[in-house]
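Participant: Before anything else, here's the structure in question.
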Amino acid sequence: MIRHKFHLSVVPNVDDIVPLMSKYITDTSADTKIRQEAMRCFQVCLAASPQLSSQAFTDYFQSWVSYSHRAFVDDGIMLDPLQTLTQPSIMCLGQDDLYEITIELLSDVLTNYSKFLRKEDFTILQALFNSQWAQERYERLVKGDFDFDSLQFGMFMIAFGDATVQDLARNCATDPQSHQYLSALCALLGAEGYAVYEDKIYVPTLEFWNTFVETMVDDVYSAEGEEKPSWFLAAQEHVKQVIERCWIKSQFPPAEEYNSWDSVDRTGFKDARRDFSDLLQQFYLTTGIPLLQVFIDLLQGSTTTRNWAELEASMFCLMWFADCVYDAPQRDDYLAKVFSPSLLSLIGDPNQQVPTRAMKSFLDLVIAYPDYFKHRPANLPAVLNIVFAATGSTALAKTASRSIMKLCSDCRTILLPELGAFLQHYGNIASNYSLDATVKEAVMEGIASIIQGLDSEEAKLAPLEQLLGYVQSDVEKCLQIANGSSSDELTALDLGVISLKCLSGMSKGIQAPEDKPVDLEKIAEPVSPFWTTGTGSRVQQRIYMMMDRVFDVLGNHGEIVEELCMILRHGFREEEPGPFVLCSRMAAQFLMKANSQTPRLGRLINTAGFLVTTHKSTPDIQEILESLLNWVSQILQNLGGSYLDPCRVSC
């Protein structure tokens, strides 16, 4: 249409069509069906001949509004005749037979091409929302009437808000009508019923407020100088009221009720909570860290009253500020009020039955701020006791193990004296095969990161061998089952995956931290041979043998190949020798055990490429590269044309 400008052919018809449409819109004695169909012409693209017929006419009115939208692109088309139909259309809202089609039309225009409406049209619409007719519909909606026509009115309100969002924001401090309208949209977030499951207007309203906050952020960062616009404080007050209502709506219902919802409503409720977190992160850009105090006050209040739903919602909200406050100088002072003795004593009270959802949010909060305990370690023992106890819950074990991993990684130097206790704890769960493999992997990674913090390579040897002993036990059981021994609980593949995931966790945890300071003035020292030819070399050999034996038995399973590649890649990333930093020749020999029948060939070949790129300075890299190229060539030759099939190399 833009290229050929077919729409220009209808310009001569405007003067004839507008009076005809106006007749049927304004004539209350006309047939209702014809009036309804006339209104639809506003939305349907004009495809019929401009010559009138009783059948074609029914689509005209909405069609001409669509045509007018195109007219904005072409200055040669005049809109005045069409715009004269807007106000008569608005008047049709009060007629029951035309309400549905009219409100759909106006919502569509406001949402998709609001520039069609003139200033006086917006004035009439704003006056309409202050009328008794609108107030009655609004009250029904807020009180929980979510029937179709009631929701249509709510969407109409939101569409008007979206179309005028900049004016509403900039006038909210001086214009009573703008202030009143924003207050009404805020109160719409408090409609009766649980969000999504019952309250169907909550999510669309929240989307409007996300747009409102984005408008605030855009104005702040586009304004010259550091002074905020005069309307900003008034807009912030509206958003703070929005936050309070959304915090209430984000509280989970009782578990029995929530579990009775269907999966669509449960997912929708969680998505609505995430939409709220987006608003919080955006609004933080306009307030800074004092915004946390809102949720700290709510947290402390619900801790005192032991209202678990409120407590969970407060912790959920605080979790989402982690990236925002990372570099804030006052961050730890605020977090000290979050991880307070009163909260920790409540969550950690063995006589208190903490709901699973509240405990999970606490664990997520710990995962979000693990480095806080590095700076303020006083409460670290209490938090560790809570997260270790949570590993005993099937529903919480994964989240708890991630908490352990994050705390161990960030607080490794502080936790060095407790290394023995951590090793003992893993010994307690090592034979618990009801735990998911990822739980053991995360705990292993955490303990290995503490071992990495030891001040000498020699000191790392004994605790590493103790951890490897647990893995070795699982490997032996795996091989026994693979060779025919019976097992009521697990298969050889189950144990193989558990063993390799534990090795993978160790290989990741033992890596030097990425934020380790570099001393530019330090004189380079010769690389220690401890892990390559010294006492530590037996650990490398032990790791290699476990990987090799599992691959020999279970190498036809993609999960096994994936984990083995992950272990190797963790070692390749290291810049200095370590227990998982296999020599390049040993690593290449392992990779070349694969053949054309091995699954995940793409992953294996990619790992071989990573080996080459990370060992460019190795003296024998040229020889290793030639061997790897021959290996790949042989695989491709054996595969024939099937190597072109991505499913074949990735299955």
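Participant: Taking all protein chains as present, what is the carbon and sulfur share of the accessible area of segment 325-371, in % to the nearest whole number, probe 1.4 Å?
Facilitator: On segment 325-371, the fraction of accessible area on carbon and sulfur atoms equals 47 percent.
Participant: Considering the options 433, 471, 334, tell which one lies farthest towards the positive end of the dipole of segment 329-479, charges being +1 on Lys and Arg and -1 on Asp and Glu at the Cβ, about the Cα centre.
Facilitator: The listed residue farthest towards the positive side: 334.
Participant: With all protein chains present, how much of the accessible area of segment 581-629 (probe radius 1.4 Å) comes from carbon and sulfur, to the nearest whole percent?
Facilitator: Solvent-exposed carbon and sulfur of segment 581-629 make up 54 percent of the total.
Participant: Specify which residue in the list 296, 220, 309 is farthest towards the positive end of the charge dipole of segment 213-318, using unit charges on the beta carbon of Lys, Arg (+1) and Asp, Glu (-1), about the Cα centre.
Facilitator: Of the candidates, 309 comes out farthest on the positive side.
Participant: Kindly identify segment 379-503 as rounded, prolate or oblate by the Cα gyration tensor criterion: order the square roots of the eigenvalues as a ≥ b ≥ c, call it rounded if a/c is under 1.5, otherwise compare a/b with b/c, prolate if a/b is larger, else oblate.
Facilitator: Oblate, since a/c reaches 1.5 and b/c is not below a/b.
Participant: Something else about it: Taking all protein chains in place and a 1.4 Å probe, what share, in percent, of the accessible surface of segment 140-220 do carbon and sulfur account for?
Facilitator: Here carbon and sulfur together make up 49 percent of the probe-accessible area.
Participant: Mind checking the per residue accessible area of segment 82-215 for me, 1.4 Å probe, whole number of Å²?
Facilitator: Result: 41 Å² of accessible area for each residue.
Participant: Which value in nm describes the separation of the simple spin-label points at residue 562 and residue 277, placed 7 Å from the Cα toward the beta carbon?
Facilitator: About 2.3 nm separates the two model spin labels.
Participant: With a cut-off of 8 Å between alpha carbons and a minimum separation of six or more residues, what is the relative contact order of segment 291-392 in percent?
Facilitator: Reported as a whole number, the value is 32 percent.
Participant: When the distances between all Cα atoms of segment 80-153 are binned every 10 Å from zero, what whole-number percent does each bin get?
Facilitator: Computed distribution, short to long bins: 17, 53, 26, 4, 0.
Participant: Which FRET efficiency, nearest 0.05, do residue 606 and residue 177 yield, Cβ-Cβ r, R0 56 Å?
Facilitator: Between residue 606 and residue 177 the formula returns 0.35.
Participant: Relative contact order (percent) for segment 494-625, with alpha-carbon contacts under 8 angstrom and 6 or more residues of separation?
Facilitator: Rounded, it is 28 percent for segment 494-625.
Participant: If you don't mind, there's one more thing I want to ask. Which FRET efficiency, nearest 0.05, do residue 214 and residue 375 yield, Cβ-Cβ r, R0 30 Å?
Facilitator: 0.35
Participant: Excluding ligands, DNA and RNA, what is the solvent-accessible area per residue of segment 397-486 at a probe of 1.4 Å, expressed in Å²?
Facilitator: Ligands and nucleic acids excluded, the figure is 39 Å² per residue.
Participant: Which residues does the label zone of residue 548 cover in segment 564-599, counting backbone N under 15 Å from a point 7 Å along Cα→Cβ?
Facilitator: 582-594
Participant: Rg and Dmax of segment 192-299, using alpha carbons, in Å: what are they?
Facilitator: For segment 192-299, the Cα radius of gyration and maximum Cα-Cα distance read 15.8, 54 Å.
Participant: Set the Förster radius R0 to 45 Å, insert the Cβ-Cβ distance between residue 413 and residue 623 as r into 1/(1 + (r/R0)^6), and round the FRET efficiency to 0.05.
Facilitator: 0.65
Participant: If you plug each phi of segment 95-108 into the Karplus form 6.51 cos²θ - 1.76 cosθ + 1.60 with θ = phi - 60°, what whole-Hz ³J(HN,Hα) values come out, in order, with x for Gly and Pro?
Facilitator: For segment 95-108, the Karplus curve yields 9, 3, 5, 10, 4, 4, 5, 5, 5, 5, 4, 5, 5, 5 Hz.
Participant: Restricting to Cα pairs below 8 Å that are 6+ residues apart, what does the relative contact order work out to for segment 121-214? Please round to a whole percent.
Facilitator: It rounds to 29 percent for segment 121-214.
Participant: So what's the net charge close to residue 495: Lys and Arg +1, Asp and Glu -1, counting the other residues with Cβ under 10 Å from its Cβ?
Facilitator: So the environment of residue 495 carries a net charge of -3.
Participant: Next question. Show me, for segment 249-255, the HN-Hα J-couplings you get by feeding each phi into the Karplus relation (A = 6.51, B = -1.76, C = 1.60, θ = phi - 60°), rounded to Hz, glycine and proline as x.
Facilitator: 5, 7, 6, 5, x, x, 4
Participant: Ordered by residue, what ³J(HN,Hα) values in Hz, to whole numbers, does segment 259-274 give under the Karplus form 6.51 cos²θ - 1.76 cosθ + 1.60, where θ = phi - 60° and Gly and Pro are x?
Facilitator: 5, 7, 6, 7, 5, 5, 5, 5, 5, x, 5, 5, 5, 5, 4, 5
Participant: Give me the number: length gained by fully extending residue 127 to residue 593, i.e. 0.36 nm times residue separation minus the C-alpha to C-alpha distance, one decimal in nm.
Facilitator: Net length gain for the segment: 159.9 nm.
Participant: Still on this model: Mind giving me the nanometre distance, one decimal, between the label points for residue 480 and residue 532, set 7 Å out from Cα along Cα→Cβ?
Facilitator: 3.9
Participant: So what's the gap between the Cα centers of segment 90-162 and segment 276-328, to the nearest angstrom?
Facilitator: About 35 Å separates the Cα centre of segment 90-162 from the one of segment 276-328.
The values are calculated or read from the model by the stated rules, or taken from the named source; none is laboratory data. Predicted, not measured: the structure shown is a model, and the values here were computed from it. Every residue, glycine among them, receives a Cβ derived from its backbone with ideal geometry; neighbour counts consider all protein chains shown. Quick note on the areas: whole protein, heavy atoms, side chains included, nothing else; ligands and nucleic acids left out. Shrake-Rupley method; radii C 1.70, N 1.55, O 1.52, S 1.80 Å.
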